[in-house]
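Each remark here refers to the structure printed beneath this line.
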Amino acid sequence: MPGLWEMLNDTMSDSPVPIVDYGLFLHGDDEDKRKLAAQVDDAFRTVGFVCLVNHGIEQAKVDECFEWSKKFFALPVEAKLLAPHPPSGSHHRGYSGISQEKVIQNVVDAEGIAAERTIPDIKESYESGNVNDERQPNIWLPEETLPGFRGFMEAFFEDCASLIYSILHALSLSLNLPPSIGLPSTHSRSLFQLRLLHYPSIPLRSLQHKEETRISPHTDYGTLTLLFQDAVGGLEVEVLEDDGNGGRTGTGVFKGVPHVEGGVLLNLGDLMMRWTNDRWRSTVHQVGAPPTAPRNALSNADGVVEGEGEDSKVICPPRYSIPFFATPDPDVLIECLPGCWGPGNPKKYESVTAWEYVKTRLEAAYL
Ligand SMILES: O=C(O)CCC(=O)C(=O)O
Ligand SMILES: [Fe+2]
């Protein structure tokens with residue numbers, strides 16, 4: 001009988017994302033902690049994503065969060081709109097209806113954004129954050145619309161924030177940072193964001209023809225993202241390769257990430273890549289058709305994919321995911337960390353405050 005670990009590694013044998021046992025950091029001795037820190041460093045240099053098992057958040061709570069998410073999105077749209085996302089992207093809270101948000105990569109001018117938005121992201125989302133966040137106050141439903149929802153989300157936020165702090169300690173060890181620059185203190189206000197995402201069922205053809213997307217290729221903006229997924233699948237990450245100069249570069253090829261029961265994905269955002277002078281990667285990712293969708297579709301001479309026979313009518317099941325985004329305190333200056341530059345490795349990026357950067361990216365996602 002294979003043990004849990006063998007089964008996990010079997011599941012992930014074809015995955016681009018390594019699994020690490022986070023219990024080493026939570027419960028291990030100094031040597032275990034250093035081992036875990038080195039494993040994460042390696043994953044962030046080569047892939048930009050890692051899957052943590054034994055991360056300390058009870059599976060029952062994660063399952064309950066998915067249940068609340070399903071209940072929320074099953075409400076009539078008029079009820080969901082009792083907690084509407086404001087028109088501005090930089091107050092990123094509340095409910096966004098289907099295709100209201102379009103995740104956009106590296107395009108910040110109005111014309112470029114309009115062009116990108118012709119292919120909608122077929123998803124709806126609900127965002128909440130720290131109860132003490134004055135810049136982005138939460139936007140809740142009236143309690144009677146979904147009793148218990150707010151209480152659960154506030155508590156789950158705290159669980160995720162604790163894991164983020166623990167990870168920031170581990171990463172300070174990975175980077176060998178002097179205690180005076182520990183990463184946790186740069187996130188002391190925990191101005192984080194808990195996001196519920198629902199991708200409704202969609203014809204496979206629309207995804208294959210790229211008439212619609214679930215979430216288009218993008219990198220995250222902040223420092224770290226935790227990503228809880230259901231078993232439907234469809235997350236794909238861009239494969240990186242050596243650039244010949246000691247760094248890594250995107251190949252344009254995407255590989256599916258299998259779901260790991262009990263695991264949480266951890267990936268980096270652009271601010272962490274800047275901060276580490278590209279030592280760590282914020283890797284492009286997207287959500288496409290579930291891996292179980294029939295694959296016997298053909299490309300014609302123009303590269304357009306045609307569903308064959310019954311496949312043209314296949315409907316992909318709905319999908320739910322729960323990302324949790326960490327960003328540093330707004331005034332933290334993102335300036336190359338010690339140990340990430342030196343002779344032969346000059347600083348590549350201008351300094352920027354965390355909020356300046358994140359605000360620009362958020363505003364591009366809403367018009
Ligand atoms: O739904 C997913 O698995 C990915 C979500 C994501 O990448 C995001 O919200 O930034
Ligand atoms: Fe993302």
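The values are calculated or read from the model by the stated rules, or taken from the named source; none is laboratory data. Computed from a predicted model, the values in this text were never measured in an experiment. For neighbour counting, all protein chains shown are included, and Cβ atoms are generated from backbone atoms with ideal geometry for every residue, glycine included. Side chains are part of the model used for accessible areas, which takes the heavy atoms of the whole protein and leaves out ligands, DNA and RNA. Shrake-Rupley method; radii C 1.70, N 1.55, O 1.52, S 1.80 Å.
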All but one of (1) surrounded by fewer than 14 Cβ atoms within 10 Å (Cβ to Cβ); (2) under 21 Å from His198 (Cβ atoms); (3) modelled with pLDDT of 90 or more hold for His259, so report the exception by its number. (1)
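Within segment 236-273, track down each residue that is of a type in the set (D, E, K, R) and within 24 Å of Thr292 (Cβ to Cβ). Please lay out each step first, then the result.
Taking segment 236-273 first, the residues of a type in the set (D, E, K, R) are 236, 238, 241-243, 248, 255, 261, 270.
Within segment 236-273, Glu236, Glu238, Lys255, Glu261 qualify.
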So, in segment 317-351, exactly how many residues are open to solvent by 20 Å² or more (accessible area, probe 1.4 Å), farther than 28 Å from Gly288 by Cβ and of a type in the set (Val, Ile, Thr)? 1
Those residues of segment 233-243 which are open to solvent by less than 50 Å² (accessible area, probe 1.4 Å) and not β-branched (Val, Ile, Thr) amount to Gly233, Gly234, Leu235, Glu236, Glu238, Leu240
Name the residues in segment 145-198 that are β-branched (Val, Ile, Thr) and under 25 Å from Pro338 (Cα atoms), would you? Ile164, Ile167, Ile181, Thr186
Checked against (1) away from ligand 1 (no atom under 16 Å from the Cβ); (2) within 19 Å of the chain's Cα centre (by Cα), Lys33 satisfies every condition except (2)
What pairs come up if the first residue lies in segment 313-325 and is within 13 Å of Asn267 (Cα to Cα), the second is within 8 Å of ligand 1 (Cβ to nearest atom) and open to solvent by less than 50 Å² (accessible area, probe 1.4 Å), and their beta carbons are under 6 Å apart, counting only those six or more places apart or on different chains? Pro323/Arg195; Pro323/Thr225; Pro323/Leu227; Phe325/Thr225
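Just one of Leu333, Leu367 is of a type in the set (A, V, I, L, M, F, W, C) and at pLDDT below 90; which is it? First the steps, then the outcome.
Working: Leu333 fails: at pLDDT below 90.
That would be Leu367, the only listed residue that is of a type in the set (A, V, I, L, M, F, W, C) and at pLDDT below 90.
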Restricting the first residue to segment 86-109 and requiring it to be closer than 12 Å to Arg361 by Cα and more than 15 Å from ligand 1 (Cβ to nearest atom), which pairs with a second residue that is of a type in the set (Val, Ile, Thr) and at pLDDT below 80 meet a Cβ separation below 7 Å and a spacing of at least six or different chains? Val107/Ile113
(1) modelled with pLDDT of 90 or more; (2) out of contact with any Phe, Trp or Tyr (no Cβ under 8 Å at 6 or more places or on another chain); (3) small (Gly, Ala, Ser) all hold for Gly269 apart from (2)
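Could you say which residue among Lys71, Lys35, Lys80 is more than 20 Å from Met272 (Cα to Cα) and buried (at least 20 other Cβ atoms within 10 Å of the Cβ)?
Values: Lys71 fails: buried (at least 20 other Cβ atoms within 10 Å of the Cβ); Lys35 fails: buried (at least 20 other Cβ atoms within 10 Å of the Cβ).
Residue meeting the stated conditions: Lys80.
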Return the only residue of Val239, Val257 being of a type in the set (Val, Ile, Thr), in contact (Cβ under 8 Å) with a residue 12 or more places away in the chain and within 14 Å of ligand 1 (Cβ to nearest atom). Val257
Determine whether Gly246 is open to solvent by 20 Å² or more (accessible area, probe 1.4 Å), within 16 Å of ligand 2 (Cβ to nearest atom), more than 24 Å from Arg195 (Cα to Cα) and at pLDDT below 95. no
If a residue must be surrounded by fewer than 20 Cβ atoms within 10 Å (Cβ to Cβ), assigned to a loop (DSSP other than H, G, I, E, B) and either within 16 Å of ligand 2 (Cβ to nearest atom) or not hydrophobic (A, V, I, L, M, F, W, C) (or both), how many such residues does segment 191-232 contain? 7
